[in-house]
Amino acid sequence: MTTITMNAKGAVRLALRAAALGLVLMLLPEPAKADPCQTGAYEPIPDCVLQQQAPVNYKGWQTSGWAYYCTGDHPYFYGLQQGYIDSYTWDNSCFTVTEDIFVDGPNKLDVTITNWCLKEETITVTLGCSSKPPPGVASCTTVGGPVSDPGCPQSNVKNYCSRGPVPVCFQTYQETCANKTSYFCTMTFGVAYCLQCGSTGSQDQKRASGTLSPVLQALSARR
Amino acid sequence: MPTATWAQGRMPVAWATGALPGAQTRRAGRLLLAASAALGLTLIVTPPASAQRVIHDVNRTVGFAKTECTGHNAQNCIAVRSKLTTIPVDEPVLIHLSCPQSHPHVVGWDARHHEHISLRVVSVGQMKPGSSEAKPRTGDLRVAARNDAHRPGEVRIVAGCSTQPYQGHPFMHSRRSVPSKQPGMRR
């Protein structure tokens, strides 16, 4: 019979090695993912364009939290809050990128990024961004792509502000022109664009508010 | 018979002796169970301070990464440095930076700090689109610095100040280092 003896120090060392191995396996840098607009098993993000963000430098073993925004005439981000897990990508396998669902916003991706390499590295994140608002934001059913603001009388003005220390906001409103054509418009960082309403009226509005996600409901309540 | 109270750190005698009516006893029992579960969870989730304090190399410094003007035109953006600030053990420090009138908008920040110092943005001036009332306050940056180890550490913050307002570029809201003395971490 073989007897295996191990002193307490040896056991602790073994346990630490096992824990370290587990940690390394858990935190192995992920390979950069494919096109964020083609999200695999999920429905594709509507009218999605890729918005490559500015590159960011990291020192070795540095961890930082960052907010990335969809802007221009495609200001809406479809992240974990909308059930999309692959709507962003990055270009450097030294990094892990973890989305924080609770701090995401309708226009914001909030992530914790770690550079696991020992030397300084640069990461560029690319978001899949949409002109179509997530369910519950638009006051009508929109059709077609973005058009410039027709400048008709506005109604139903709403402000949405992202959570976190940097309150980045965007504004939505409806415009109804003299020819009875209605538009749902979004303004972010001074850029406004509109989507034509396919059908308008209180029914659409009721449907929209009925499908408001809990996060957007909370944002609306804070206004 | 003396009655023990919560203030004395003991369970009320009525609970201990089962003198409460049935429903109240059950409710009290549930409360006690919930409190015990919460306490247990807290003890599991929160490592003891001594455990946190052996994982950092308190002599290692993480340098500037040039992130203060990320995404902005370098010609319009200048760096405003804080003084070197010492962060005592167990005493968070709030560091406040203001942009000059010539470059009145905070658009980012960077830092050089000891490995065991964690940084988090507390506030930046309001940045609501089209809001004129927010404009005067966009030049303020407040960052909280926390010491995660047993030795004081130092930090210097750099704010990126621009002539142009913030336009939705990537914005860093926290920064720290991977603890380099964790098991398995070798430089």
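For the set A:T71, A:T98, B:T85, solvent exposure ranked by accessible area (probe 1.4 Å, protein chains only) runs largest to smallest as A:T98, A:T71, B:T85. Taking a 22 Å limit on the Cα-Cα distance, which of the listed pairs A:K108/A:K180; A:K132/A:K158; A:K59/B:K181 fall beyond it? Check vs 22 Å cut-off fails for A:K108/A:K180.
Is there a simple number for the mean count of other chain Cβ atoms within 10 Å of the Cβ of residues in A:46-58, and what is it?
3
Can you give the accessible area of A:E121, probe radius 1.4 Å, in Å² rounded to 10? The value for A:E121 is about 30 Å².
A:S130 contributes an accessible area of around 0 Å² to the protein surface, as traced by a 1.4 Å probe with all chains present. Solvent-accessible area lost on pairing A with B (1.4 Å probe, both sides summed) amounts to about 3000 Å². Evaluating 6.51 cos²θ - 1.76 cosθ + 1.60 at θ = phi - 60° for every residue in segment B:62-74, the Karplus couplings come out as 9, x, 5, 10, 6, 9, 5, 10, 3, x, 10, 4, 4 Hz, glycine and proline recorded as x.
Going by accessible area, probe 1.4 Å, with all protein chains left in place, what is the ranking of B:S102, B:S177, largest first?
Numbers: B:S102 75, B:S177 5 Å².
Ranking B:S102, B:S177 by accessible area, largest first, yields B:S102, B:S177.
Sorting B:D90, A:D110 on solvent-accessible area from highest to lowest, probe radius 1.4 Å, gives B:D90, A:D110. Length gained on full extension, A:V157 to A:T124, computed as 0.36 nm times the residue gap minus the Cα-Cα distance: 8.4 nm. Shielding value for B:159-170 is 4, the average number of Cβ atoms from other chains within 10 Å of each residue's Cβ.
Amide H to amide H, with H built 1.01 Å from N, A:D100 comes under 5 Å of A:D110, A:V111, A:T112, counting only residues 5 or more places away or on other chains. Surface exposure of segment A:36-132, expressed per residue as accessible area with a 1.4 Å probe, stands at 33 Å².
The values are calculated or read from the model by the stated rules, or taken from the named source; none is laboratory data. Please read these numbers as outputs of a predicted model, since none were measured by experiment. In this analysis, Cβ positions are derived from the backbone assuming ideal geometry, glycine residues included, and neighbour counts consider all displayed protein chains. Calculation scope for accessible area: heavy atoms of the full protein, side chains included, ligands and nucleic acids excluded. Shrake-Rupley method; radii C 1.70, N 1.55, O 1.52, S 1.80 Å.
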